[in-house]
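To keep things clear, I will list the structure first and then write my remarks on it.
The values are calculated or read from the model by the stated rules, or taken from the named source; none is laboratory data. Worth saying up front: this structure is predicted, and the values here are computed from it rather than measured. Cβ placement follows ideal geometry from the backbone for every residue including glycine, while neighbour counts extend to all protein chains displayed.
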Amino acid sequence: MTSSPRTPGTPPARPVELTLLPLGSRPADEPVGGGCGSGCGCGDGHDEELGLDPLECGLDPDLAALLAAGGLDPVRVEDIAHLAVEEDLDNGVDLTTVATVPEEAVSTGDFTARQAGTVAGLHIAEAVLSVVCTDEFEVERHVADGDRVEPGQVLLSVTGRTRDLLTGERSALNLLCRLSGVATATRAWADALGDTGTSVRDTRKTTPGLRALEKYAVRCGGGVNHRMSLSDAALIKDNHVVAAGGVAEAFRRVRAEFPGVPVEVEVDRLDQIEPVLAEGADLLLLDNFSPELTAEAVRLVAGRAELESSGRLTLADAPAYAATGVDYLAVGALTHSAPILDIGLDLREADTAEGGD
C-alpha cells in the first residue's frame, strides 16, 4: 500500500487489520453461552482485560481497548455506530453505490482535513466502518485524537471493499466532523486561558444520545468535563431555590438526602455566597457575574470552595475572567453551538480495482 504523506513530527502510520461485526448481526442476539458469534473479534480473555462482557462486545478488541482508554464505553460506541448506519440505510441498500461500484472492487480511502483544527473521533469513525464492512479492512492511523491538523493533512487511511467504504462514509464523517468541531472549539478556549490555572469545561447542553462522545471531544480539545448526568453530582440552580424556598435551604435538603455527593450551588448575587459557604458547599456557580464581580467573589471565598463562572461568556472575555482566579469557565457553546470541522473521505483513484491481492 502506498503510504500517505504526514507532517513533520507525526509518528509513522501503522496498518491495523480489524475484525468486523457484520451489520445486522448484534451480539445481544446470539444465544446465551454462544460467545460473541462469528462476527466478533473479541476472543477469549478480553472480557477480563477490558472489563467487557464477551456476549456484548462486537468491536475488534484492540479498537475496543483504544476506546476504553479514552474513557468511552466500546459497547455504547458500537450501538451509536449501528444506529448511524442503520438510519442511513433505512432498511434498504445504498442504491447509488450498488449500481455504480462492482461488488469485488477494493479501494483505499483517506480521511483528510479540509481545514485547520483539532481532531477527535477517529476511533469512532473506525467503529462505524467496522459495523458496515462485510470483510476485514485495514487502517493506517496518521494522527491521534487531540492532535492539531492542517488543511490537506491525511488523518486516517482505510483499505477495504469500495462499496462498504462508500456506504459507511457519511455516517463516519458525521460523527468525526461533529466531534472534531467540538474539540476545535474547546481548543480555542483552552488556548485563550493558557496557563492561568483556569479551565474551560462543558455543560449538559449536548446532543441527545451523543453526550459521552461530545464530552470526550471536549477532553480532546483541552477542556474538562462537568457532570455527565443528573446523578453524578448535585447542582442547585434558580428553580431549585424557588422550589425549596431559598439557597441555603435548598443546599441543606440536598445534603440531608444525599450526604456523600458533591454539591454545587448557583448564585447570582454576592450576598448569597457567605450563607452557602457556611453550609459547606463544594463549588459555587457564579451566574452572569462580570469580571469585576467575579474578582470580588474570588476574594470573598478565599479558597473555601471552587468557583465557576457561567452565563454569556465569550472567547474574547476569557482572559479577563481567568485573571480573576476563578477555577472554571462553564461554556455550553462547546457542545451546543460548535461548527463542524470539515473533513472528507477521498478514494485513491489509482488504487480502485476489481478484487485485491
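What the table below lists for this structure:
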quantity: Condition met for A105 (among the hydrophobic types (A, V, I, L, M, F, W, C) and either under 24 Å from C220 (Cα atoms) or out of contact with any strand residue (DSSP E or B) (no Cβ under 7 Å at 6 or more places or on another chain) (or both)); calculated: no
quantity: Residue check, A144 at pLDDT 95 or above, within 22 Å of G71 (Cα to Cα), touching a Gly at 6+ places or on another chain (Cβ under 6 Å) and among the small types (G, A, S); calculated: no
quantity: Candidate set: region 283-322, residues that are closer than 13 Å to E266 by Cβ and among the charged types (D, E, K, R); chosen: the one surrounded by the fewest Cβ atoms within 10 Å (Cβ to Cβ); calculated: D287
quantity: Set R204, R187, R269: member being surrounded by fewer than 18 Cβ atoms within 10 Å (Cβ to Cβ) and within 30 Å of L176 (Cβ to Cβ); calculated: R204
quantity: Any hit, region 226-246, residues being surrounded by 13 or more Cβ atoms within 10 Å (Cβ to Cβ), touching a Ser or Thr at 6+ places or on another chain (Cβ under 8 Å) and under 18 Å from L313 (Cβ atoms); calculated: yes
quantity: Meets criteria (surrounded by 21 or more Cβ atoms within 10 Å (Cβ to Cβ) and either within 28 Å of V101 (Cα to Cα) or not assigned by TED's automatic domain parsing to the domain that holds V101 (or both)) for T134; calculated: no
quantity: Scan of region 237-258 for residues that are touching a residue at least 12 places away in the same chain (Cβ under 8 Å) and small (G, A, S), ordered by number; calculated: A248, A250
quantity: Failed item, numbered, when D60 is tested on (1) in contact with a strand residue (DSSP E or B) (Cβ under 7 Å, 6 or more places away or on another chain); (2) at pLDDT 95 or above; (3) farther than 17 Å from R170 by Cα; calculated: (2)
quantity: Test for G344: is it in a loop (DSSP other than H, G, I, E, B), surrounded by fewer than 20 Cβ atoms within 10 Å (Cβ to Cβ), of a type in the set (G, A, S) and under 29 Å from the mean Cα position of the chain (by Cα); calculated: no
quantity: Single condition V263 does not satisfy, out of (1) closer than 23 Å to A185 by Cβ; (2) touching a Phe, Trp or Tyr at 6+ places or on another chain (Cβ under 7 Å); calculated: (1)
